[in-house]
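Participant: Pasting a structure below so you can have a look.
Only the coordinates and a few stated rules stand behind these numbers; no lab work does. Nothing here was measured: the structure is a model prediction, and the numbers come from that model. Positions of Cβ are backbone-derived with ideal geometry, glycine not excepted, and every protein chain shown enters the neighbour counts.
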Protein chains: 2
Amino acid sequence: SKACILRPLEAPLRYLFGPGPSNVPPRILAAQGRPIIGHMHPEMFEIMNDIKRGIQYIFQTDNNMTIAMSGSGHAAMECAVFNTVEPGESVLVAINGIWGERVAEIAERMGANVHRMVKTPGGYFSNKEIEQVGKKHKPVLFFLTHGESSAGLCHPVDGIGDICRKHNCLFLVDTVASLGAAPIFMDKQNIDILYTGSQKALNAPPGTAPISFNDRACHKMFNRKTKPVSYLFDMTHLSNYWGCDGQPARVYHHTGPVSGFFALRESLAVIAEKGLEESWKKHKEVASYLYRGLEDLGLKLFIPERDLRLPSVTTIAIPDGYNWKELLAYIMKHHQMEMTGGLGPSIGMVMRIGLMGYNCEKVNADMALHALADALKNCKKSKA
Amino acid sequence: SKACILRPLEAPLRYLFGPGPSNVPPRILAAQGRPIIGHMHPEMFEIMNDIKRGIQYIFQTDNNMTIAMSGSGHAAMECAVFNTVEPGESVLVAINGIWGERVAEIAERMGANVHRMVKTPGGYFSNKEIEQVGKKHKPVLFFLTHGESSAGLCHPVDGIGDICRKHNCLFLVDTVASLGAAPIFMDKQNIDILYTGSQKALNAPPGTAPISFNDRACHKMFNRKTKPVSYLFDMTHLSNYWGCDGQPARVYHHTGPVSGFFALRESLAVIAEKGLEESWKKHKEVASYLYRGLEDLGLKLFIPERDLRLPSVTTIAIPDGYNWKELLAYIMKHHQMEMTGGLGPSIGMVMRIGLMGYNCEKVNADMALHALADALKNCKKSKA
């Protein structure tokens, strides 16, 4: 029966203070709601060129091979792995939360020889151990998550790019949850492939994912013996669609999400107007303010080392005696506010509060703290 | 330099009378511009359930395994092939335009043993020859394009599902360009896997793609020896995300395009309100009106058999002595109207006019005819 579809669309007001998607500012929603043009119109190519420049700015890179995926962060993950790795090649994945697990799974499916370095959520890797394990497995690609949103960890990146370069390995970094909230310098830090998502500190709706490849990554991916397993994510085609391959004409590959690109362009304009440094500073300030408030409530931050905390997503240890699902359901019901539990290996270990981009304001931290205090007061505490 | 991104977004008014994307009605744009909610909120699952029902209606199917891809038609193509075929298995692809070429390429990349039946654009396949070639190659999957938009052909489907069933082969049909414009009955016609796109007769922006699998297809894809090459497009995960796997809880897989789903739901509501039969009838009427006008201009329709013409996308032979690129550029410049040339094998053979869904009105046919007449008058005709 088609009756249900005839009822009007209902989407209630929500404070999206989880790890993303984040609330979308009115001007980005307005951009997304504009009448569309064709995916191959010259004006669309201009918009895509602007997006490319905007991504170069937020990634702090001059890489020509800079595009947005027609998909979420997972599309960027698969694109990075599918294009730079051939079946049988060795890949090293640092796992300290869900994102490394995902990349390992993706690389295994396309036939890579996957090696895992695993820490429990909240753990991190020293440059020395990365080099040691790398020497053993001789990977063509090393993956690291900069913003490990499942644990609330912002992993140090300095020096790792140099190690990878020394050992002829590409350095792939996931900044889905950190980009715009914590400093990253793709070129200076010798990151070979970097990607992020649209729906975190950029505050666009989910559905597009910026990604950039430097010359080392391009050399590897454009000198393959085999074709990537996905036609849709093949960079030989995507680079043409985005005008990055030096060809005079762009040839139809797939139909990009025109409205999603409108929104992404607007979100890049917002952060470019504000300035990256200002955005990083703001996230740090609001996060510090939140930490203080959480500690005043008697809560314990999950990442003890202050400098390793992800400014966009704060993790707290589940308070003794409480059922975390009950706390979160109370906050959703009584405050129309999303906070979330852990993800993947951090499930049952943490509760997560995200204040990203547009949502990154002290007044929102106050609202979140108020809701948490209310939940702690009203949810049943077991005696165990 | 980030200067270009600081300029306001410019997207001019365009009459999208090409093969898609089509113009988006205000109410669908409004749905897409609404504040978002989380991809895992209960209200989002309700919206996804409504979308599932809406797709069942437009596909005329009761299949439980009915979802929307977080991507364009190519995502649905790859999802269909990746999940139902294992490396080394035989796939038969009917090619009479670009879409079959694409599916053959996709199947080859994931290691299938691909057999091609090829006709020039505008050509079609008899059930007898499909059965003969099928007997020879014993494919596990046979692909056919219902709406071959590159040639303007609407391929007959009756009886092919039965042939496939007899030979233990799955029948995969592409209706990206035809769904809503020409009748298709997934269950009655024994189609095992069917997909479409959001941006044609459904009039949503590009970025989502409905797809459905019947029990035969599910049996094959959920009894594989190998995992599909893509984690993102793996139906074991997507079926859970869409609440089709009978599990009590939906587990995070990827972040779906929340706004895109709002728009898709609204577009399904529009067609459900109008009724499928009414939509088919309207497309046929407006197309007939357009044919008459084109013939009055002295133009020749590319598909001679009236019953085989795709009602949503009309192809005309390039008129003698004219440069098709010049005609199209004139129409875009002077009428802000998109018509397009061929695509893939039909490039240089046809010009294409699409009047789909919201755009499918006689007044728009008149505008298109007026623009064409103006272009024929003002574009230089060579003496050759």
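Participant: Would you mind ranking A:Arg306, A:Arg116, A:Arg265 by Cβ crowding within 10 Å, fewest neighbours first?
Facilitator: Numbers: A:Arg306 10, A:Arg116 14, A:Arg265 27.
The fewest-first ordering by Cβ neighbours comes to A:Arg306, A:Arg116, A:Arg265.
Participant: What translational diffusion coefficient, to the nearest whole µm²/s, does the protein assembly as shown have by Stokes-Einstein, given a Kirkwood radius computed over alpha-carbon pairs, a temperature of 37 °C and 0.692 mPa s viscosity?
Facilitator: The estimated diffusion coefficient comes to 122 µm²/s.
Participant: Still on this structure, I have one more. Residues of A:338-349, mean number of Cβ from any other protein chain within 10 Å of their own Cβ, rounded to a whole number?
Facilitator: 1
Participant: Another question, then. Mind checking the log10 I(q)/I(0) for segment A:327-384 at q = 0.19, 0.26 Å⁻¹? Debye, one equal scatterer per Cα, no solvent, two decimals.
Facilitator: The calculated log intensity ratios at q = 0.19, 0.26 Å⁻¹ are -0.75, -1.14.
Participant: While we're here: Looking for one value pair here: nearest-to-axis residue in chain B (by Cβ) for the rotation onto A, and the distance in whole angstrom.
Facilitator: Value returned for chain B: B:Gly33, 1.
Participant: Report, for B:His219, each distance to the same residue's label point in the other copies, shortest first and in nm; define the point 7 Å along Cα→Cβ.
Facilitator: B:His219 label point versus its equivalents elsewhere: 5.4 nm.
Participant: What ratio of Cα Rg to 2.2 N^0.38 Å holds for segment A:1-66?
Facilitator: Working it through for segment A:1-66, the quotient is 1.64.
Participant: Just to compare against my own numbers: the Cα pair-distance distribution for segment A:145-261, 10 Å bins, whole % per bin, please.
Facilitator: 12, 36, 37, 14, 1
Participant: Now, a different point. Would you mind classifying segment A:81-159 by shape? Square roots of the alpha carbon gyration tensor eigenvalues, ordered a ≥ b ≥ c; an a/c under 1.5 is rounded, otherwise it is prolate if a/b is larger than b/c and oblate if not.
Facilitator: Since a/c reaches 1.5 but b/c is at least a/b, the shape of segment A:81-159 is classed as oblate.
Participant: Right, another one. Take peptide A:26-34, look around each residue's Cβ out to 10 angstrom, count Cβ atoms belonging to other protein chains, and average those counts.
Facilitator: Average neighbour count from other chains, rounded to a whole number: 5.
Participant: Then there is this: To the nearest whole number, what is the average tally of beta carbon atoms from other chains within 10 Å of the beta carbons of peptide A:269-280? It would help to have the intermediate numbers written out before the result.
Facilitator: Numbers: counts 7, 1, 2, 5, 3, 0, 1, 1, 0, 0, 0, 0.
Going residue by residue through A:269-280 and averaging, the value is 2.
Participant: Select from A:Leu376, A:Met351, A:Val313 the residue farthest towards the positive end of the dipole of segment A:275-384; place +1 on Cβ of Lys and Arg, -1 on Cβ of Asp and Glu, and compute about the Cα centre.
Facilitator: Farthest towards the positive end: A:Leu376.
Participant: What do you get for Rg/Rh over segment A:291-337 if you use C-alpha atoms and the Kirkwood form of Rh?
Facilitator: 1.00
Participant: While we're looking at this one, here's another question. Using square roots of five times the C-alpha gyration tensor eigenvalues, list the equivalent-ellipsoid semi-axes of segment A:204-258 in whole Å, biggest first.
Facilitator: Working: eigenvalues 79, 41, 32 Å².
The answer is 20, 14, 13 Å, longest axis first.
Participant: Also, quick follow-up: Computed over the Cα atoms of segment A:265-384, what is the ratio Rg over Rh, Rh following Kirkwood?
Facilitator: Numbers: Rg = 15.1 Å, Rh = 15.1 Å.
Here Rg/Rh amounts to 1.00.
Participant: Any idea what diffusion coefficient segment A:252-295 gets from Stokes-Einstein, in µm²/s, Kirkwood Rh on alpha carbon pairs, 20 °C, 1.002 mPa s?
Facilitator: Roughly 165 µm²/s, to the nearest whole number.
Participant: If you add up the charges near A:Asn359, with Lys and Arg at +1 and Asp and Glu at -1, over every other residue whose beta carbon is less than 12 angstrom from its beta carbon, what do you get? Show your work: numbers first, answer last.
Facilitator: Values: positive: A:Arg14, A:Lys200, A:Lys282, A:Lys362; negative: A:Glu338, A:Glu361.
Within the 12 Å Cβ shell, the charges total +2.
Participant: Using only Cα atoms, figure out Rg for chain B and give it as a multiple of 2.2 N^0.38 Å. Walk me through the numbers on the way to the answer.
Facilitator: Details: Rg = 21.1 Å, N = 384, 2.2 N^0.38 = 21.1 Å.
Ratio of Cα Rg to 2.2 N^0.38 Å: 1.00.
Participant: Looking at segment A:82-204 only, what percent of DSSP beta bridges run antiparallel? Nearest 5 please.
Facilitator: Of those bridges, close to 10 percent are antiparallel.
Participant: At 18 angstrom or more along the helix axis (alpha-carbon based) and mean Kyte-Doolittle of 0.5 or higher, what helices does chain A contain? Whole DSSP H runs only.
Facilitator: TM-like helix candidates: A:258-274.
Participant: Rounded to whole Å and sorted largest first, list the principal axis extents of the Cα atoms in segment B:185-337.
Facilitator: 61, 36, 36
Participant: Which of the pairs B:Lys166/B:Lys220; A:Lys220/A:Lys274; A:Lys2/B:Lys188 have their Cα atoms more than 24 Å apart in this structure?
Facilitator: Numbers: B:Lys166/B:Lys220 16 Å; A:Lys220/A:Lys274 36 Å; A:Lys2/B:Lys188 18 Å.
The answer is A:Lys220/A:Lys274.
Participant: Let me ask something else. List the cysteines of chain A that have no other Cys Cβ closer than 4.7 Å: which are they?
Facilitator: That list is A:Cys4, A:Cys79, A:Cys154, A:Cys218, A:Cys244, A:Cys360, A:Cys379.
Participant: So, one more: What is the sum of charges, Lys and Arg at +1 and Asp and Glu at -1, for the other residues whose Cβ falls under 15 Å from the Cβ of B:Arg165? Walk me through the numbers on the way to the answer.
Facilitator: On the way: positive: B:Lys135, B:Lys138, B:Lys166, B:Lys188, B:Arg216, B:Lys220; negative: B:Glu131, B:Asp158, B:Asp162, B:Asp187, B:Asp192, B:Asp215.
So the surrounding residues net to 0.
Participant: Another question, if that's okay. Tell me the trypsin sites (Lys or Arg not before Pro) within segment B:21-97 that lie in a loop according to DSSP and have at most 16 other beta-carbon atoms within 10 Å.
Facilitator: Listed in order of number, the matching sites amount to none.
Participant: Under a GNM of chain B (C-alpha, springs under 10 Å), which listed residue has the highest mean-square fluctuation: B:Gln132, B:Gln32, B:Gln189?
Facilitator: Checking each option, the largest mean-square fluctuation is seen for B:Gln132.
Participant: Along the charge dipole of the protein assembly as shown, pointing to its positive end and built from +1/-1 on Cβ of Lys, Arg, Asp and Glu, which listed residue (B:Thr196, A:Val251, A:Val103) has its Cα farthest out?
Facilitator: It is A:Val103.
Participant: Let me ask another. Quick one: the Cα spread of segment A:122-205 along its three principal axes, in angstroms, biggest first?
Facilitator: Computed over segment A:122-205, the largest-to-smallest principal extents equal 41, 26, 18 Å.
Participant: Could you state, as a whole-number percent, how many of the C-alpha pairs of segment B:23-151 are farther apart than 24 Å?
Facilitator: 45
Participant: Pairs A:Lys200/A:Lys227; A:Lys333/A:Lys381; B:Lys52/B:Lys282; B:Lys284/B:Lys381; A:Lys135/A:Lys225: which exceed 23 Å Cα-Cα? Each step should come with its number before you reach the end.
Facilitator: Numbers: A:Lys200/A:Lys227 32 Å; A:Lys333/A:Lys381 18 Å; B:Lys52/B:Lys282 25 Å; B:Lys284/B:Lys381 32 Å; A:Lys135/A:Lys225 25 Å.
Beyond 23 Å: A:Lys200/A:Lys227; B:Lys52/B:Lys282; B:Lys284/B:Lys381; A:Lys135/A:Lys225.
Participant: Can I get the semi-axes of segment B:245-325's equivalent ellipsoid? Compute them from the C-alpha gyration tensor as square roots of 5 times the eigenvalues, in angstrom, largest first.
Facilitator: 41, 18, 12
Participant: Then there's this: Any idea which of A:Thr61, B:Ala112, B:Asn49 is furthest toward the positive side of the dipole for the protein assembly as shown, if Lys and Arg beta-carbons carry +1 and Asp and Glu beta-carbons -1?
Facilitator: Value: B:Ala112.
Participant: Just for chain A, what percent of DSSP beta bridges are antiparallel, to the closest 5?
Facilitator: Roughly 50 percent of the DSSP beta bridges within chain A come out antiparallel.
Participant: A further question on this structure: When the Cα centres of segment B:1-66 and segment B:267-323 are compared, how far apart do they sit, in Å?
Facilitator: 25
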